[in-house]
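Visitor: This is the structure I have questions about; it appears just below.
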Amino acid sequence: MDQDYERRLLRQINHQNVPEGHPSKASTKRSLEVCLSSCSPVTVKSGDRFIPTRAGSNWSINFHYANENCWSPNQNQRAKDASTDTGKDAVAYAALLRNELLGAGIETVPDPHTDDRRNAILTQDTHSLFRYTIHTKRVPFDNEISPYSLSPLSDKSHKLLRSPRKPARKISKIPFKVLDAPELQDDFYLNLVDWSAGNLLSVGLGACVYLWSACTSQVTRLCDLSVDGDSVTSVCWNERGSLVAVGTHKGFVQIWDAAGGRKLTSLEGHSARVGALAWNGEQLSSGSRDRVILQRDVRTPPPVERRLQGHRQEVCGLKWSPDHQHLASGGNDNKLLVWNSSSLLPVQQYSDHLAAVKAIAWSPHQHGLLASGGGTADRCLRFWNTLTGQALQSTDTGSQVCNLAWSKHANELVSTHGYSQNQILVWKYPSLTQVAKLTGHSYRVLYLAVSPDGEAIVTGAGDETLRFWNVFSKTRCTKESKSVLNLFTRIR
């Protein structure tokens, strides 16, 4: 072999774009040395063209190095993000390409919202990219494609295309029931609608509280405050659905037995109207225009009272966390405060909202996640990690946020709005994409309650109507309950 060519070839290997110490570089040099030592001297008479023998090359190592560079983790992440953005069609297309080009053998279309299965498509072992396998012929089954078929697709790809696709969830934009609600006040600071665990809807209309049974559609009047010259400003059921608390314009909080239709007690302590109520077991928290939050145990004859003072204006929103450890309060001072069960001062204070904070909701899916919404000057949904005190995400809804409620079965929430669009929005969290937009109320949608099964919501507005919507799905909860049932069956 010509010595000049030998030196040029060794110099090319030493300067190739391979990291020092990589096994492919050492292997190639060894292969060349073996080839050169075994070759007999050849005299090159003319020209510099030379086609070297490839018998000594270690292609497995070289292709392994090339394969490592052809698909980087950053590309893998970009493919994952692309599949998330484009949805199920993009995932199906990616699976089809992997079947035809790489022989991945994918037969069903994965769910684009399930990260594990999507990653299984896009991050399968790519080290077999250049691996050669011999496929033996066999007689196809009935549901397979004949080897003599004119279709260019493989059997796996045909199964992939024939696999059933989960239809997109459709939310009806028309309420399935509409009830008249005369004298339902158009006041942002009041909370006049609540839905009990016993499937009873309580509504404050003027000076009266009415109960509507979702099972029988029967309407009964629970109380009438006009005798005392008072009116209803808030209603709230306890967790069992047996007692309903009624806040009044004069600052009283009355506890009523819904089944017996009788008043159990009337609590004093506020000097102005009570617009917000929240139960925590046997304890009842009430927020008033007097800027004070009172927390009382209704079981004691004179209730033990705890006064929480932190707001500078009217308290218009109250919600206890699902673990019963923290109380969130919103006020007309644009503040969102978080209290624990023992302190008299707020443990956290959030001041990012630019308007009154009435809409408050704790996530039932993520511990410590709190959502809040601001009034007309703010219009934003904001999310907070109350475990660390950090602000998470926010989005401008375009309208006054009046109420918030999380789905019990999926990581979604619904918001109702006032000025200027009077709409109802269903959001997916944490992407904050709108699942649905519902319209129909002609006034601000000030009131919201979720049915005990978590599927339907009822909204109330100053147009004196109550509208019932099916917005949440119960499918995921059913699957979870079945898995829990199977677990207990295996334990027994």
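Visitor: In terms of modelled amide H atoms, which long-range or inter-chain residues lie less than 5 Å from the amide H of CYS208?
Guide: Amide H to amide H, under 5 Å and 5 or more residues apart or across chains, CYS208 pairs with LEU225, VAL232.
Visitor: Taking all protein chains together and a probe of 1.4 Å, list ARG240, ARG307, ARG296 from the most accessible to the least accessible. Each step should come with its number before you reach the end.
Guide: On the way: ARG240 160, ARG307 105, ARG296 10 Å².
The ordering from most to least exposed comes out as ARG240, ARG307, ARG296.
Visitor: Going through the cross-link list LYS335/LYS428; LYS319/LYS358; LYS319/LYS408; LYS170/LYS474; LYS428/LYS474; LYS173/LYS358, which pairs have a Cα-Cα distance over 21 Å in this structure?
Guide: LYS335/LYS428; LYS173/LYS358
Visitor: Just to be sure I understand the model, the point goes 7 Å from the Cα along the line to the Cβ. What's the resulting GLN366 to THR108 distance in nm?
Guide: 2.8
Visitor: I need the peptides 312-322, 361-371 ranked by packing, meaning the mean over residues of other C-beta atoms within 10 angstrom, with the highest value on top.
Guide: Descending packing order for the listed peptides: 312-322, 361-371.
Visitor: Rolling a 1.4 Å sphere over the protein heavy atoms, what is the accessible area per residue of segment 285-393, to the nearest Å²?
Guide: 42
Visitor: Just want to confirm a number: the relative contact order over segment 242-366, from Cα pairs under 8 angstrom separated by 6+ residues, in percent. Walk me through the numbers before you get to the answer.
Guide: Numbers: 316 pairs, mean separation 18.9, N = 125.
Dividing the mean separation by the residue count of segment 242-366 yields 15 percent.
Visitor: Out of the total accessible area of segment 325-392 (probe 1.4 Å, heavy atoms of protein only), what percent is carbon and sulfur?
Guide: Answer for segment 325-392: carbon and sulfur cover 46 percent of the accessible area.
Visitor: Using only the heavy atoms of the protein chains and a 1.4 Å probe, how would PHE468, PHE176 rank by accessible area, largest first?
Guide: Result of the area sort, largest leading: PHE176, PHE468.
Visitor: From largest accessible area down, sort SER231, SER329, SER266; use a 1.4 Å probe on the protein chains.
Guide: SER266, SER231, SER329
Visitor: Ignoring ligands and nucleic acids, what accessible area does ASP352 show with a 1.4 Å probe (Å², nearest 10)?
Guide: My reading of the accessible area for ASP352 is about 70 Å².
Visitor: Take the solvent-accessible surface of the protein heavy atoms, probe 1.4 Å, and return the percent of it on segment 200-279 that carbon and sulfur atoms account for.
Guide: 48
The values are calculated or read from the model by the stated rules, or taken from the named source; none is laboratory data. Note that the structure is predicted; figures quoted are calculated from it, not measured. FYI the Cβ positions are ideal-geometry reconstructions off the backbone, even for glycines, and counts take in every protein chain you see. Protein only, heavy atoms only, side chains kept; ligands, DNA and RNA dropped before computing areas. Shrake-Rupley method; radii C 1.70, N 1.55, O 1.52, S 1.80 Å.
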